[in-house]
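What follows is one structure encoded as structure tokens, with my remarks underneath.
The values are calculated or read from the model by the stated rules, or taken from the named source; none is laboratory data. Just so it is clear, the structure is predicted and the values come from calculations on it, not from any experiment. Neighbour counts run over all protein chains shown; Cβ positions are idealised from the backbone, glycine included. Remember, those area values only see protein heavy atoms, side chains included, never the ligands or the DNA or RNA. Shrake-Rupley method; radii C 1.70, N 1.55, O 1.52, S 1.80 Å.
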Amino acid sequence: MPEGKPITKNVDWVVVLIYIACLGIGWVNIYAAVYNPEADTSMFDLSNNAGKQLMWIGTTVILITCILVIDYKFYETFSFIIYAIIIVLLVVVLFAGSNINGSRSWIKFGAFSLQPAEFSKLAISLAIAKYLSDPAISLNRKLKDYYPILGIIALPALLILLSNETGSMLVFASFAIVLYREGMPGFIPAIGMIAAALLIITLLFVKWYIAGVIIVIAGLVIWLMPVMTRRRGGLWATILIAGVMIGIVFGVDFFMNNVLQKHQRGRIMVLLDPDSDPRGDGWNVIQSKIAIGSGGLTGKGFLEGTQTKFDFVPEQSTDFIFCTVGEEHGFIGTLVVVTLFILLISRLVILAERQRSRFARVYGYCVAGIIFFHFLVNVGMTIGLMPVIGIPLPFFSYGGSSLWSFSILLFIFLKIDAQRPFTLSRG
């Protein structure tokens, strides 16, 4: 960009306005979630989460300004260095991190804490975008081109898993959206979805019945298969797929009992039947659904949420902030929030598609995919459609690390996109 031009020139204001709306609505609902009528503290009081969030919003404005001032080429040039820095921080927290809510994934600075796992999404996005920017990389023809990507994702995933922050690690599944856009065959994500579906089905029905159904379906496929297809390997491919599916079915017990931790098993079982442990793992979901359902069409009114006032829903200003919206502002309030996210994600996809640089396009899809995954899972777990894995609602949930990471992630893309017209005019 030529010197003397404002740093906001060509910035997409549609995204910026949606971002500001999310911050404002989120801040108001954080105050509602922690409001105590007896203490009667203000929204600006630094002793409560709303006041602290306002301070985080102020520091975020400084970060955004820095992002817009820095040359857009910086983010591509130093992608792998940023990734390496985050990896170092993830290693540091394993040995010197503070334990908060059973997760050793925080670095404390006096009264404040920072969670490197939140920034790993940014680091992976930049690293994947940089790797795929090489014109020689082809995901639809070369299997070996997947190995570096798997390494980029697996290393921070392992470190985050070791720090007992499983929710942050599961977000990495969102990168499948990016890889699919860049040429990954559709059967690969389909395998993952089939495996997840088999896990749920196996927990609901008798394993031998499921295996029998798979065998019958495989038999019908082989019977209806053209002779030439059968001779060209279709027969053995069908048998192999059926065998793998049956293996998954009978491997569910081992996965549940030897891979997952007790609280993770409990959350999956609660997803299938919230009433199975109403005072334990099912408590959060049951109370959240009561809060959202009690809001009706227009809600109980600002600061009038009874579920909130009496602390029925734990973590209501963080992971369960959406139920505050539902209780106090009803269906209309939740519709506004859902609409904002749909508009934001759609706009990000549009911006990503108009990029001429593959680095910019891939990074834009990473941003859209991460926000979509957080939105889908967070809202889903508050209404009982997703397991409770403890991930925040972007720009709404209380937390400095979350707000910083999502804001940096978003505005780096806006900075890169803002340079697109100038870059093309030079070319």
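Counting only residues at least eight positions apart within a chain, or on another chain, the lysines with an alpha carbon under 25 Å from that of residue 207 are 262. Rg over Rh for region 306-363 works out to 1.25, using Cα positions for both radii and the Kirkwood form for Rh.
Work out from phi, with θ = phi - 60° and the Karplus expression 6.51 cos²θ - 1.76 cosθ + 1.60, the ³J(HN,Hα) of each residue of region 93-98, listed in order in whole Hz, and give x for Gly and Pro. After applying 6.51 cos²θ - 1.76 cosθ + 1.60, I find 5, 5, 10, 10, x, 8 Hz. Enumerate the lysines that residue 300 could reach by cross-link, defined here as Cα to Cα under 16 Å, with residues fewer than 8 away along the same chain left out. Residue 300 reaches 289, 309. Taking the accessible area of the chain, probe 1.4 Å, and keeping the other protein chains in place, the carbon and sulfur fraction comes to 69%. Cα gyration tensor of the chain, axes a ≥ b ≥ c as square roots of the eigenvalues: rounded (a/c below 1.5), prolate (a/b > b/c) or oblate? Oblate, since a/c reaches 1.5 and b/c is not below a/b. Take the residue pairs 121/415; 52/73; 9/121 and return only those whose Cα atoms are more than 25 Å apart. As for pairs spanning more than 25 Å Cα to Cα, those are 52/73; 9/121.
Would you work out the relative contact order for region 270-406, in percent, from Cα pairs under 8 angstrom that are 6 or more residues apart? Let's see the in-between values first.
Details: 184 pairs, mean separation 35.0, N = 137.
It rounds to 26 percent for region 270-406.
A crude spin-label estimate for the pair residue 224 and residue 237, with each label 7 Å from Cα along the Cβ direction, gives 1.6 nm. By the rule of a C-alpha distance below 22 Å, with chain neighbours fewer than 8 residues away ignored, the lysines paired with residue 142 are 130. Rolling a 1.4 Å probe across the protein heavy atoms gives the chain an accessible surface of 48 Å² per residue.
Of 123, 187, 155, which is farthest towards the positive pole of region 121-256's charge dipole, taken about the Cα centre with +1 and -1 on the beta-carbons of Lys, Arg and Asp, Glu respectively? Towards the positive end, the residue furthest out is 187.
Using the Kirkwood formula on the Cα atoms of region 107-241, what hydrodynamic radius do you get, in angstrom to one decimal?
Details: mean 1/r = 0.0542 Å⁻¹.
Across region 107-241, the inverse of the average 1/r is 18.5 Å.
Using C-alpha pairs below 8 Å separated by at least 6 residues, the relative contact order for the chain is 26 percent. For residue 335, the accessible area of its heavy atoms, probed at 1.4 Å with every protein chain present, is near 90 square angstrom.
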